[in-house]
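J.: Below you'll find the structure I mean.
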Amino acid sequence: MPRSATPTRPTGPGGRSRPGVRRERARNALIESRLTPNAISLTGLVGNLIAAVLVWQEQYVWAGIAFILGSVMDTLDGRYSRMSGKGTQFGAFLDSTLDRLEEGIVLTAVAYVFAKDGRDVAAAVVVVAVLASLMVSYTRARAEALGVKGDVGIANRAVRVVILSIGLLFADLDLLAPAVYVLAGLGTVTVLQRIFHVRRQLLAGAPTTTKGNTQ
């Protein structure tokens, strides 16, 4: 029995599929626009500021959504920078700086709510989580300044964003405090992992490594 012919996808110029052509046109239009990676980074900052205000008002679900959207912007700015060729050294510096600021802003609002509700231990753990987050980034930066890799560990920024997002979205189920405890614990473990990893590399005389974007 003859086999039925497999339907072919419509193609555009150069044998590319029409969806592929449309994506390329959209990509080129975006690159040719006035949009810059720094504008995306600043949009992420605005999203996180809104999230912090919503946390302060104890509108946790909306805060979680705003935090996720702001964090997505933080992911897109680096990708758009590489795709468009519009990236600059200052843009990379601004991106890393705003990442630290945004995480701290939202967690500061969480600490305020805990303190207001008399949950002093949870508020103190937020401080540990913020410190751990800053140290995770700092240990990587110092490692790369020494010419070795410092991007190991279980709690990079993407993991921390997921944990805090879950805590905010399900705060009404009392998951915000446990999320903060997990953030503080995993962040501290990650700092230790990076310290020992850098020590091993330096003792072994590791070669210079290239810099990446995971924080």
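Every read-out reported here was derived from the displayed coordinates using simple, explicitly stated rules and does not represent laboratory data. Keep in mind that what you see is a predicted model, and the values were worked out from it rather than measured. Glycine also receives a Cβ, built like all others from the backbone with ideal geometry; neighbour counts cover every protein chain displayed.
J.: Rounded if a/c is under 1.5, else prolate if a/b beats b/c, else oblate: with a ≥ b ≥ c from the C-alpha gyration tensor eigenvalues square-rooted, which is region 36-204?
T.: Numbers: a/c = 2.44, a/b = 1.23, b/c = 1.98.
The shape class here is oblate.
J.: If R0 is 25 Å, what FRET efficiency do you get for Thr75 and Tyr138 from their C-beta distance, rounded to 0.05?
T.: Computed FRET efficiency for Thr75 and Tyr138: 0.75.
J.: Right, another one. Can you give the FRET efficiency to the nearest 0.05 for Phe93 and Leu173, using r as the Cβ-Cβ distance and R₀ = 41 Å? The partial results should precede the final answer.
T.: Working: r = 39 Å, r/R0 = 0.95.
The value I calculate is 0.60.
J.: Now for a different question. Plugging the Kirkwood radius over Cα pairs into Stokes-Einstein for region 32-78, at a temperature of 37 °C and a viscosity of 0.692 mPa s, what D comes out in µm²/s? Write out the running numbers ahead of the final one.
T.: Working: Rh = 10.7 Å.
Estimated diffusion coefficient is 306 µm²/s.
J.: Kindly rank 128-134, 199-205, 118-124 from highest to lowest mean number of other beta carbons found within 10 Å of each residue.
T.: Order by mean packing, descending: 128-134, 118-124, 199-205.
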